[in-house]
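S.K.: Next up is a structure, given as structure tokens.
The values are calculated or read from the model by the stated rules, or taken from the named source; none is laboratory data. Keep in mind that this is a model prediction, so the values were computed, not measured. Please note: Cβ atoms are built from the backbone with ideal geometry, for glycine as well, and neighbour counts cover all protein chains shown. We work out accessible area using only protein heavy atoms, side chains counted, and drop any ligands, DNA or RNA first. Shrake-Rupley method; radii C 1.70, N 1.55, O 1.52, S 1.80 Å.
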Amino acid sequence: MHSRAMVDTSPDTPVRKRGLDPEDAQEALDRVHELLRRQRMVEDLVHRQEEGDARADVVESLVHRQHDAELRTLLNALDPADIAFILESLPTDERQAIWRLVRADYDGEILLEVADWVRESLIATMDQEELVAATENLEADELADLAPDLPPEVVAEVQKGLTDEERARLSAVMSYPEDSVGALMDFEMVRVRDDVTLEVVLRYLRRLQELPDHTDQIFVVDRQDRLQGSLSLGKLLISDPDVKVSDAMDTGILSLAPLDEADEAAAAFERYDLVSAAVVDGLGRLIGRLTVNEVVDYIREASDEQTLSKAGLQEEDIFAPVKSAIRNRTPWLLVNLCTAGFASFVASRFEETVGQIVILAFLMSIVAGIGGNTGNQTMTLIIRALAVGRVSSANLVRLVKREFLIALLVGLGGGLVAAAFAWAISGRFTLGLVMMAAMILNMMIGSGVGILVPLLRDRFGKDPALGSSVLLTFATDTLGFLIFLGLATIFLL
């Protein structure tokens, strides 16, 4: 069991602040780096000076405790989100050292904030007692976020301390698919009946210790908890207190089902500028709400996954051991090696052509590169459109025509420039025409592949971005070489 920083309730305990400025977190990280560097340097110096002396261990221990106290003071004044950022930015050994200095009552919030790969490394250093203490005060939806990374015995132990209602909520959230609204919703919300006055609602709100985060509206339900509408806080404050809720509420509100896809919910939040939305079951009963902070987190994580997927990568700890990084990166690199080898094989079939017109060896990389760039632009747009639900069978044909027309027109303009360049450096007008034709055709191929690969992967339920750039490079390199050298063989020899 590793030593955890205990909660200091003395008057000198640093006041915890909210981390609202990313620069604050960066400054804190720089300070942590500096303190760790100084700690290593001083301890090494003390060790060398006192080597062989019986006091060496005592002096080194005192120096270590002094630096730990400085680090603990710095960390305890930060918001859990800032501490999470610092932990994600440190190598594994330093991360564990900092984690031991964090106040134990921050553990649960920090585990929620850190990336999955960091969370796993932190949980691995904690025993069952520490994990139970860190998670026992979390809400059901928060505990559901951590549950997949926690040992089953910890989850079972925490559930013992929950009420029947909380256990039911936890089971419900954990039963929904990962990318569904139900997996993201929370249960903390304010609800009222429609037959009371606004004065009654105001008195009810004043009795609450605080409003749930991101409360912009109060949900109105009937006696069976069926959603009737919502009452915005703004309208509640400016309306006559004697008005009934039924007369002041808005009935035309957006509601979501727990099995709705999170992507669709995110698109709705963006389209309607929502802060929160009700989640109702099949009978129309209010069971939770989705808030903008959960939507933003989901969008950020999906964006990160998409960026990595385009390069054929999965999320990894940037400070993880080399072996694990190799396992993550090797598969698509091997695929890329095979595709590049095949492209080189195609080029080698035209050895005689290149031998007679050496300048082709310099120009064919331009053809392949421009085709790849065109395809990458198209692919990026298609993947983004798929992510926000803007591609459907109704507009697919028009979308394909548009992208091909753009590729053709850009290809004509770029092809004329490339043709003039090839003519200028070779003195052969026909080589310029071959260069222009090859560029146009390969840009059309790049555009086609940029559309086809994401659509097919999405059609079969796969990540549209995963390895897409590798497949695109294979197509534009191989076919670009084949078209350019093939045309050169036909028209220049």
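S.K.: For Arg223, indicate whether it is of a type in the set (Lys, Arg) and either without any contact (Cβ under 8 Å) to a residue 24 or more places away in the chain or surrounded by 12 or more Cβ atoms within 10 Å (Cβ to Cβ) (or both).
M.R.: Spelling it out, it is not the case that Arg223 is of a type in the set (Lys, Arg) and either without any contact (Cβ under 8 Å) to a residue 24 or more places away in the chain or surrounded by 12 or more Cβ atoms within 10 Å (Cβ to Cβ) (or both).
S.K.: Can you tell me which condition Leu259 does not meet? The list is (1) closer than 27 Å to Val391 by Cα; (2) in contact (Cβ under 8 Å) with a residue 24 or more places away in the chain; (3) surrounded by 15 or more Cβ atoms within 10 Å (Cβ to Cβ); (4) not aromatic (Phe, Trp, Tyr), and all the others hold.
M.R.: Of (1) closer than 27 Å to Val391 by Cα; (2) in contact (Cβ under 8 Å) with a residue 24 or more places away in the chain; (3) surrounded by 15 or more Cβ atoms within 10 Å (Cβ to Cβ); (4) not aromatic (Phe, Trp, Tyr), only one is false for Leu259: (3).
S.K.: So Leu101 fits all but one of (1) more than 25 Å from the chain's Cα centre (by Cα); (2) modelled with pLDDT of 90 or more; (3) farther than 24 Å from Leu71 by Cα; what number is the exception?
M.R.: Failed condition: (3).
S.K.: Out of Tyr176, Tyr204, I need the residue that is loosely packed, with under 15 Cβ neighbours inside 10 Å and either of a type in the set (Phe, Trp, Tyr) or within 21 Å of Tyr272 (Cβ to Cβ) (or both). Which one?
M.R.: Being loosely packed, with under 15 Cβ neighbours inside 10 Å and either of a type in the set (Phe, Trp, Tyr) or within 21 Å of Tyr272 (Cβ to Cβ) (or both) holds for just one of Tyr176, Tyr204, which is Tyr204.
S.K.: Name the residue that is farthest from Gly450 (Cα to Cα), counting only residues in the stretch 393-419 that are small (Gly, Ala, Ser) and open to solvent by 90 Å² or more (accessible area, probe 1.4 Å).
M.R.: Ala394
S.K.: I would also like to ask the following. Out of the residues in the stretch 145-162 that are without any contact (Cβ under 8 Å) to a residue 24 or more places away in the chain and assigned to a helix (DSSP H, G or I), state the one that is least open to solvent (accessible area, probe 1.4 Å).
M.R.: Among them, the one singled out is Val155.
S.K.: Anything in the stretch 446-492 that is over 19 Å from Ala347 (Cβ atoms) and either in contact with a His (Cβ under 7 Å, 6 or more places away or on another chain) or among the charged types (D, E, K, R) (or both)? List them, or say none.
M.R.: Arg457, Asp458, Arg459, Lys462, Asp463 - these are the residues of the stretch 446-492 that are over 19 Å from Ala347 (Cβ atoms) and either in contact with a His (Cβ under 7 Å, 6 or more places away or on another chain) or among the charged types (D, E, K, R) (or both).
S.K.: Would you point out which residue out of Leu487, Leu492, Leu466, Leu479 is under 17 Å from Thr353 (Cβ atoms) and in contact with a Ser or Thr (Cβ under 8 Å, 6 or more places away or on another chain)?
M.R.: Leu492
S.K.: State which residue pairs qualify: first residue in contact (Cβ under 8 Å) with a residue 24 or more places away in the chain and open to solvent by 50 Å² or more (accessible area, probe 1.4 Å) and inside the stretch 283-299, second residue assigned to a helix (DSSP H, G or I) and not polar (S, T, N, Q) in any location, beta carbons under 7 Å apart, and separation of 6 or more residues or different chains.
M.R.: Qualifying pairs under 7 Å: Ile299/Ala266.
S.K.: Can you pull out every residue in the stretch 355-392 that is without any contact (Cβ under 8 Å) to a residue 24 or more places away in the chain, open to solvent by less than 60 Å² (accessible area, probe 1.4 Å) and part of a loop (DSSP other than H, G, I, E, B)?
M.R.: Ser392, the sole residue that qualifies.
S.K.: Got a sec? Which of Glu88, Glu142, Glu109 is surrounded by fewer than 20 Cβ atoms within 10 Å (Cβ to Cβ) and at pLDDT 90 or above?
M.R.: Details: Glu88 fails: at pLDDT 90 or above; Glu142 fails: at pLDDT 90 or above.
Only one candidate qualifies: Glu109.
S.K.: Taking the condition of being assigned to a helix (DSSP H, G or I) and under 20 Å from Asp179 (Cβ atoms), how many residues in the stretch 457-480 meet it?
M.R.: Residues that pass the stated criteria total 4.
S.K.: Related question: Test each condition in (1) in contact (Cβ under 8 Å) with a residue 40 or more places away in the chain; (2) within 26 Å of Ser303 (Cβ to Cβ); (3) of a type in the set (A, V, I, L, M) for Leu254 and report the one that comes out false.
M.R.: Failed condition: (1).
S.K.: Here is a further query. Does at least one position in the stretch 432-440 carry a residue that is over 23 Å from Gly355 (Cα atoms), at pLDDT 90 or above and part of a helix (DSSP H, G or I)?
M.R.: Yes, the stretch 432-440 contains at least one residue that is over 23 Å from Gly355 (Cα atoms), at pLDDT 90 or above and part of a helix (DSSP H, G or I).
S.K.: Find all pairs meeting these conditions: Cβ atoms under 7 angstrom apart; at least six residues apart or on different chains; first residue within the stretch 410-421 and under 13 Å from Val367 (Cα atoms); second residue open to solvent by 80 Å² or more (accessible area, probe 1.4 Å) and part of a helix (DSSP H, G or I).
M.R.: Listed pairs, sorted by first residue: Ala419/Leu433.
S.K.: Provide a single number: the residues in the stretch 432-448 that are over 13 Å from Asn373 (Cα atoms) and aliphatic (A, V, I, L, M).
M.R.: 7
S.K.: Considering the stretch 55-78 alone, what residues qualify as being more than 30 Å from Glu109 (Cβ to Cβ), touching a helix residue (DSSP H, G or I) at 6+ places or on another chain (Cβ under 6 Å) and at pLDDT 70 or above?
M.R.: Within the stretch 55-78, just Val63 meets the criteria.
S.K.: Another question about this same structure. Can you name every residue in the stretch 343-354 that is in a helix (DSSP H, G or I), surrounded by 13 or more Cβ atoms within 10 Å (Cβ to Cβ) and among the hydrophobic types (A, V, I, L, M, F, W, C)?
M.R.: Correct list: Ala343, Val346, Ala347, Val354.
S.K.: Could you check, for the stretch 466-488, whether at least one of its residues is of a type outside the set (Val, Ile, Thr), open to solvent by 20 Å² or more (accessible area, probe 1.4 Å) and over 40 Å from the mean Cα position of the chain (by Cα)?
M.R.: The answer is yes, given that some residue of the stretch 466-488 is of a type outside the set (Val, Ile, Thr), open to solvent by 20 Å² or more (accessible area, probe 1.4 Å) and over 40 Å from the mean Cα position of the chain (by Cα).
S.K.: Take the residues in the stretch 301-342 that are of a type outside the set (S, T, N, Q), assigned to a helix (DSSP H, G or I) and more than 22 Å from Val453 (Cα to Cα), then tell me which one is modelled with the highest pLDDT.
M.R.: In this case the residue turns out to be Glu301.
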